[in-house]
Amino acid sequence: MKKTIAVIKGDGIGPEIVTEAMKVLDKIGERYGHEFEFKEVLAGGCAIDATGEPLPQNTIDICKASDSVLLGAVGGPKWDTLEGSVRPERALLGIRGALELFANIRPSKLNPALADACPLKPEIVGDGIDLVVVRELIGGAYFGKREIIEVNGEKAAYDTTQYSVSEVERVTRVAFEMAKKRRKKVTSVDKANVLESSRLWREVVERVAKEYPEIEFNPSQFDVIVTENLFGDILTDEASMITGSIGMIPSASLGKSSLGMYEPIHGSAPDIAGQDKANPIATILSAAMMLKYSFDMDKESEAIESAVQKVLDKGYRTGDIISEGCTLVGCKEMGDLVSENI
Ligand code: NAD
């Protein structure tokens, strides 16, 4: 099968980690008889430097014309002082909006090989942690009307959280469909005791839940969590902590079609950029999610996951997940090891 993948390496460690994920995809192509054609495009700080804007139209066009998008990370201190509308992060919001990627899927799974890195007590961790947050991605406060105003002679600002029934419905269905393939539990997170937008959110989710009688809704144990954009951003960052390192967690952003965007949940880590120290596993696992969700290549996706597991079981670690008795490797070597184990 031939697939075209738009590749946004981005800033900081972006180019290093994406290069390793491309290496792993090439190996999958070789092993399973697929051809992945990579089309590199600019977004973020490097795009500002090259073109003056964080998300050039050419990037949007190529992403839209591709079968999927692989992204590293954008941003860094060089662009931190720019005004909001031209900051690298605008590229992320812009591309999510342009591709209508309304559901962000973030699994948080504690890898048994990294159990020591989990900050929770062993009795809480029990047999392990394995949950998925489905975050609404193109609505709420991040996309609503915003303004800097003057109130009583002083500077003030507001952002608006607005959701329509159909916006809530479509992301809720993604969560319930995902729950069907997992442990059949969905928890919805809102603040319906205070926020009007949350009351609408709850009303819609409760109605959709009735269409899925086989799924336990708001159970006592989490499995799939569905929530709006801002709450989802905070919850997924917190959930990443329980897995030991932010360098391990992939994500998928999905819309109506099979075209999705796949990226690690961490940022561009400017503190370790260009030093071959970054952990490429989150990006490699994002590529695995791409194979599963966009290309229907389940066994190829599992081949990547099991290669990552083998490398960790053999004791290889990048600096962020190193522990006693393990072998320290760099970003490139970690990519080579995963690739060799496919
Ligand atoms: P960050 O995730 O880049 O880094 C936080 C810490 O985690 C740092 O100590 C970093 O070295 C470490 N880290 C992150 N990824 C790692 C990896 N793969 N391997 C090893 N260590 C890793 O968050 P930050 O420092 O708050 O942000 C840095 C820049 O990234 C900022 O400009 C921010 O706006 C941007 N950012 C981009 C995205 C994105 O592109 N999706 C997301 C978050 C932050």
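The values are calculated or read from the model by the stated rules, or taken from the named source; none is laboratory data. What you are looking at is a predicted structure, and each value in this text was computed from that prediction instead of being measured. When we count neighbours, we look across all protein chains shown, and the Cβ atoms used for this are built from the backbone with ideal geometry, even at glycine.
One residue is enough: does the stretch 215-223 have a residue meeting the conditions touching a Ser or Thr at 6+ places or on another chain (Cβ under 8 Å) and aliphatic (A, V, I, L, M)?
The answer is no; no qualifying residue exists.
Would you say ILE124 is among the β-branched types (Val, Ile, Thr), more than 21 Å from ALA175 (Cβ to Cβ) and in contact with a strand residue (DSSP E or B) (Cβ under 8 Å, 6 or more places away or on another chain)?
No; evaluated as a whole, the condition is false for this residue.
What pairs come out if I take residues in the stretch 4-21 that are at positive phi and pair them with residues that are assigned to a helix (DSSP H, G or I) and within 11 Å of the ligand (Cβ to nearest atom) whose C-beta lies under 6 Å away, six or more apart or interchain?
Taking only residues 6 or more apart or on different chains, the pairs are GLY12/PRO270.
Of the residues that sit in the stretch 60-82 and are more than 15 Å from SER253 (Cβ to Cβ) and within 14 Å of the ligand (Cβ to nearest atom), which one is modelled with the lowest pLDDT?
Checking each candidate, the answer is LEU82.
Quick one: count up the residues across the stretch 22-44 that are within 16 Å of the ligand (Cβ to nearest atom) and either over 23 Å from the mean Cα position of the chain (by Cα) or at negative phi (or both).
6
List pairs: first in the stretch 145-166 and in contact (Cβ under 8 Å) with a residue 40 or more places away in the chain, second surrounded by 10 or more Cβ atoms within 10 Å (Cβ to Cβ) and in a loop (DSSP other than H, G, I, E, B), Cβ under 6 Å, 6+ apart or cross-chain?
Taking only residues 6 or more apart or on different chains, the pairs are THR161/GLY144; TYR163/GLY139.
I'd like to know if the stretch 325-335 contains one or more residues that are in the same structural domain as ASP11 (by TED's automatic domain parsing), surrounded by fewer than 17 Cβ atoms within 10 Å (Cβ to Cβ), away from the ligand (no atom under 16 Å from the Cβ) and in a helix (DSSP H, G or I).
no
With the structure loaded, tell me whether ALA47 is in contact (Cβ under 8 Å) with a residue 12 or more places away in the chain, within 12 Å of the ligand (Cβ to nearest atom) and buried (at least 22 other Cβ atoms within 10 Å of the Cβ) or whether it fails that test.
Criteria not met by ALA47.
From the list SER286, SER301, which one is within 14 Å of the ligand (Cβ to nearest atom), modelled with pLDDT of 95 or more and of a type in the set (Gly, Ala, Ser)?
One residue alone meets the criteria, SER286.
Of all residues in the stretch 284-302, count the ones that are charged (D, E, K, R), free of Cβ contacts under 8 Å to residues at least 24 places away in the same chain and within 24 Å of GLU16 (Cα to Cα).
Qualifying residue count for the region: 2.
When LEU99 is evaluated against the numbered criteria (1) hydrophobic (A, V, I, L, M, F, W, C); (2) over 18 Å from the mean Cα position of the chain (by Cα); (3) within 16 Å of the ligand (Cβ to nearest atom), which criterion, by number, is the only one it fails?
(2)
When residues of the stretch 293-304 are filtered for being crowded, with 19+ Cβ neighbours inside 10 Å and touching a helix residue (DSSP H, G or I) at 6+ places or on another chain (Cβ under 8 Å), how many remain?
Total meeting the criteria: 5.
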